[in-house]
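J.: Can you keep this structure in mind? I'll have questions shortly.
The values are calculated or read from the model by the stated rules, or taken from the named source; none is laboratory data. Given the structure is predicted, the values throughout are model-derived calculations rather than measurements. Here the Cβ positions follow ideal geometry from the backbone for every residue, glycine too, while neighbour counts run over all protein chains shown.
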Amino acid sequence: MIHNKKKILFIGTVEFSYRALSVLIENKFEIIGILTKKESNFNSDYYDLTPFAIVNNIPIIYRTNDNKDEILSFIKFLNPDIIYCFGWSHILPKSILSIPKHGVIGFHPAELPNNRGRHPIIWALFLGLEQTASTFFIMDEGADTGDIISQEKIEIIDDNALSLYNKIINVALKQIVSFTLELETKEVFLNKITQDKAEGNSWRKRTKNDGKIDFRMTSKAILNLVNALSKPYVGAHLEFQEMDVKIWKVVEEDFNKLNHEPGKILEIYGNHLIVKTYDGAIRIIDHGFNHLPLKGQYL
């Protein structure tokens, strides 16, 4: 496959970043440099791009807390035609956005202009949305507010975080190849959609308390919460005897005796616990209990 190649500088630090880079190299697009991190305590799906850069002989620079000038010099020296920023938790400054003549393309796994902001996969699952999207846009100084160049809608059906993550990535990789080819004829910019910044909503950063199971919640709400925070994320948790216990998988159980209080352990089957919720019960299947509580105790 021969392209009228555009020089691409790549910014990213998660698994999706690696998979995007891989598909770009496989399709013989020109990656002239990588900006990433050597480690990340923030990204639960962090991926070390160093081996990829070495194997493919691509210059690489790592972000630290005090090397903004070095990064800026690195990018200016490489003089990219365009920057791809896929899997990055920092808003890029104008000094970087203004370098490439075709701008910076960003990625957000949500149906922009709705659901800008933080933790889009987690919030989509927790809120029980039936649809999300894989969206690429031309980055500006806002958060997920730039002109949309590619958006594909994705159904959410019995998904947890990992299955939805992979579903979005599989769609996104096809989009990347498609709009990168269009970039070479500038066709990608002809049908862009300008976002109205007054439209839509923006999701906030989640806190530890957002991941706590409260059995006064409905069974469906607890199921959604556990699915939303399942691997590769940090896991939902409950408090038991002043300890946080991770909960990785639950299913809803039929239980129509409403005179039991939420949080009561109704039955124990092997390693499974049946627990009363506000409107029914759930079966806890995969958990982090070192020692199982007893039937009749409360969580």
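J.: Answer with yes or no whether I83 is over 22 Å from the mean Cα position of the chain (by Cα) and buried (at least 17 other Cβ atoms within 10 Å of the Cβ).
T.: So I83 does not fit the description; no.
J.: Kindly indicate the residue of region 158-170 that is surrounded by fewer than 17 Cβ atoms within 10 Å (Cβ to Cβ) and free of Cβ contacts under 8 Å to residues at least 24 places away in the same chain and also nearest to the chain's Cα centre (by Cα) among those meeting that condition.
T.: Selected residue: N166.
J.: With under 25 Å from I34 (Cα atoms), touching a residue at least 12 places away in the same chain (Cβ under 8 Å) and part of a loop (DSSP other than H, G, I, E, B) as the only criterion, which of G106, G87 stands out?
T.: Matching residue, one of G106, G87: G87.
J.: Report whether or not V177 is of a type in the set (V, I, T), part of a loop (DSSP other than H, G, I, E, B) and under 22 Å from the mean Cα position of the chain (by Cα). Step through it out loud before you land on a result.
T.: Working: of a type in the set (V, I, T): yes; part of a loop (DSSP other than H, G, I, E, B): no; under 22 Å from the mean Cα position of the chain (by Cα): yes.
No, not satisfied.
J.: Is it the case that some residue within region 112-124 is over 27 Å from E182 (Cβ atoms) and in contact with a Ser or Thr (Cβ under 6 Å, 6 or more places away or on another chain)? Don't jump to the end; show me each part of the working.
T.: First, pick out the residues of region 112-124 that are over 27 Å from E182 (Cβ atoms): 117-119, 122-124.
Those left that are additionally in contact with a Ser or Thr (Cβ under 6 Å, 6 or more places away or on another chain): 117, 124.
Yes, region 112-124 contains a residue that is over 27 Å from E182 (Cβ atoms) and in contact with a Ser or Thr (Cβ under 6 Å, 6 or more places away or on another chain).
J.: So in region 196-225, with the set limited to residues that are out of contact with any strand residue (DSSP E or B) (no Cβ under 7 Å at 6 or more places or on another chain), crowded, with 17+ Cβ neighbours inside 10 Å and among the hydrophobic types (A, V, I, L, M, F, W, C), which one is farthest from K249 (Cα to Cα)?
T.: Across region 196-225, the extreme among qualifying residues is M217.
J.: Let me ask you something else. Does region 122-132 hold any residues that are touching a strand residue (DSSP E or B) at 6+ places or on another chain (Cβ under 8 Å) and surrounded by fewer than 21 Cβ atoms within 10 Å (Cβ to Cβ), and which are they?
T.: To start, the set of residues in region 122-132 that are touching a strand residue (DSSP E or B) at 6+ places or on another chain (Cβ under 8 Å) comprises 123-124, 130-132.
The answer is W123, E130, Q131.
J.: Under the condition of being loosely packed, with under 13 Cβ neighbours inside 10 Å and acidic (D, E), which residue from region 1-60 is modelled with the highest pLDDT?
T.: Top of the filtered list is E26.
J.: Identify all residues within region 136-155 that are closer than 30 Å to M217 by Cβ, of a type outside the set (D, E) and crowded, with 19+ Cβ neighbours inside 10 Å; write none if there are none. Steps first, answer last, please.
T.: First pass over region 136-155, keeping only residues closer than 30 Å to M217 by Cβ: 143-144, 153-155.
Now narrow it down to the ones that are of a type outside the set (D, E): 143, 153-154.
Hit for region 136-155 is I154, nothing else.
J.: Here is a further query. Condition (residue is surrounded by fewer than 20 Cβ atoms within 10 Å (Cβ to Cβ), modelled with pLDDT under 90 and closer than 19 Å to A124 by Cβ) applied to region 232-244: is it met by at least one residue?
T.: Taking every residue of region 232-244 in turn, at least one turns out to be surrounded by fewer than 20 Cβ atoms within 10 Å (Cβ to Cβ), modelled with pLDDT under 90 and closer than 19 Å to A124 by Cβ.
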